[in-house]
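The values are calculated or read from the model by the stated rules, or taken from the named source; none is laboratory data. Everything numeric in this text was worked out from a predicted model, so none of it was measured. With ideal geometry, Cβ positions are generated from the backbone for all residues, glycine too; neighbour counts draw on all protein chains shown.
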Amino acid sequence: MKTKKTGADEREEPVRDHRGHRRRMAKRFAETGFDGWREHEILERLLFEVLPRRNTNETAHALIRAFGSLRGVLLADPWALERVPGIGPVSAKWLAGLLPRFTEDLLAVLKKTRLADGGLLILADWFLRYLGCPAVFVSLSPDGVLLDARPADDADGETIPTDAQTVLLIREADAAPRLIRSLAACLDPRPDRVFALTGKRELREYGLCAEAAGKGRR
């Protein structure tokens, strides 16, 4: 079998034609985004960009086994990623920089428009579902334009404008309503609104001192 040295991982690797499989995944991604994809499938699709000649399915499974989850892979240090078979210094550096680049790109797009509940759902999907963050703190200008979004444990009240609206996003499956309200009340800064992402990909709003308000909204 012929071999080829890939610039991405700088190792000799069998050359195989995965174009058909990659075309099918590209078509699926164009139709659904990452909705309904398993974590190793998301990682496999991402690796297409840096490992053009490798069977990225095997590499994706190896990465998930090594770090436990997609979020674990994306948060791993380059030196740790290089220990996984199929990952060399170039692909390790690319993976380690993926999370910051994706997050920055997403926020850059959302900061161009007013952030209605649909935009909050996009943020909830990205941070809570895809990255596995337990909670997300969002700050908005008085007219609803996104200022910042970050994991709640990284939120810094001193950097948030005093007139900003603040929103807490959390997974509903992680906590009972009473606990959600208690968590929100203890945060500094205290959020103005609290939304929980349901299993049906809806945002359900919770009052800090009342029962859940209204029905889930798409």
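Table: residues versus (1) surrounded by 21 or more Cβ atoms within 10 Å (Cβ to Cβ); (2) more than 18 Å from Leu197 (Cα to Cα).
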| position | (1), (2) |
| --- | --- |
| Ile64 | no, yes |
| Leu70 | yes, yes |
| Leu107 | no, yes |
| Arg150 | no, no |
Name the pairs whose Cβ atoms lie under 8 Å apart, with the first residue in the stretch 76-87 and not assigned by TED's automatic domain parsing to the domain that holds Ala60, the second aromatic (Phe, Trp, Tyr) and surrounded by fewer than 16 Cβ atoms within 10 Å (Cβ to Cβ), and 6 or more positions between them or separate chains?
none
Selection over the stretch 39-72 where residues are touching a helix residue (DSSP H, G or I) at 6+ places or on another chain (Cβ under 8 Å), closer than 22 Å to Phe127 by Cβ and at pLDDT 90 or above yields a count of 4
From the set of residues in the stretch 7-38 that are in contact with a helix residue (DSSP H, G or I) (Cβ under 7 Å, 6 or more places away or on another chain) and crowded, with 16+ Cβ neighbours inside 10 Å, which is modelled with the lowest pLDDT?
Ala8
All positions within the stretch 87-99 that are at pLDDT 90 or above and closer than 19 Å to Glu41 by Cβ
Ile87, Ser91, Trp94, Leu95
Restricting attention to the stretch 125-156, which residues are part of a helix (DSSP H, G or I) and of a type in the set (D, E, K, R)?
Asp125, Arg129, Asp153, Asp154
